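I have placed the structure first, in the form of structure tokens, so that the comments after it can refer back to it.
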Amino acid sequence: MFFCARALRNRCVGPLDFDISENSIIGLEGPSGCGKTMLLRNLSDIEPFEGSLYMDSRSWLDYRPEQWRRMVQLVPANALWWHERVGEHFSEKNEQWSAMLGFDADIWNWGVERLSSGERQRLALIRSLCRQPRLLLLDEPTSNLDNKNTMRLEELVRLYIKTHQASVVWVSHNLEQLARLAHEQWHIKDRHIEMSKSP
């Protein structure tokens, strides 16, 4: 199995056992406060948890924390920006991806302070993709985007999965979006996950 969790537990959910297949999108939803974001933080080993995680049958304990977090990349709803210029946050400047998300070629020279919340969301995705994660964890990635930019972001994620043999766990309250994107849908209820295949 590409990625799996065994007996995973935190203060909101668990114990959970689940498998994620390669080249798939998992849609994760549930009421506010049910533990969606905490689960993503557990999967990327940012927040402590009980249980075990595996990538290609290899335990997360076999990796240094920074190695694991590079492979299992979390894109939070509100990503941090610490340098003055956009380009200073990027290990590489992928012109194809930035163009797909509607940015001009000079975006790398922009000051971070001029970015809207939606522009920050789109750029945060590119920043994470440049690290070439195998499992991408998206926490409400289109919450600040209009329909046009939402479709652009969805297209880029689909392209990345196809070209990098990666998978995605996509948290959203937009059930129509998850129905459109996800190969499998997970609903958190009563500390457990109800799973269903998308039609």
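What follows draws every value from the coordinates through simple rules; no lab data is involved. Everything quoted here is computed from the prediction, not taken from an experiment. Counting neighbours? That spans all protein chains shown, and the Cβs are built from the backbone with ideal geometry, glycine included.
Points worth noting:
- In the list [x] 118; [y] 108; [z] 133, the label attached to volume of the Cα convex hull per residue in Å³ as derived from the coordinates here is [x].
- Bridge orientation summary for the chain: considering DSSP beta bridges with both residues in this region, about 50 percent are antiparallel.
- Crossing angle, helix 117-129 versus the chain [Cα axis fit, 0-90 degrees, rounded to tens]: 70
- Between segment 3-48 and segment 144-189, the alpha-carbon center distance in angstrom: 16
- Under 17 Å from the Cα of Lys93 - lysines, other chains or at least 8 residues apart: none
- Ranked by the mean number of other Cβ atoms within 10 Å of their residues, highest first, the peptides 186-194, 170-178 come out as 170-178, 186-194.
- One chain, two ends: Ser21 and Lys162. Fully extended at 0.36 nm per residue, the span grows by 49.4 nm beyond their Cα-Cα distance.
- Straight-line cross-link partners of Lys148 among the aspartates and glutamates, defined as a Cα under 20 Å from its Cα and at least 8 positions apart when in the same chain: Glu95, Asp104, Glu119, Asp139, Glu140, Glu176.
- Label point distance in nm, Lys93-Ser196, each placed 7 Å from Cα along Cα→Cβ: 4.6
- Value of [θ]222 nm, deg cm²/dmol, for the chain, DSSP H segments ≥ 4, -39500 (n - 2.57) each, nearest 500: -8500 deg cm²/dmol
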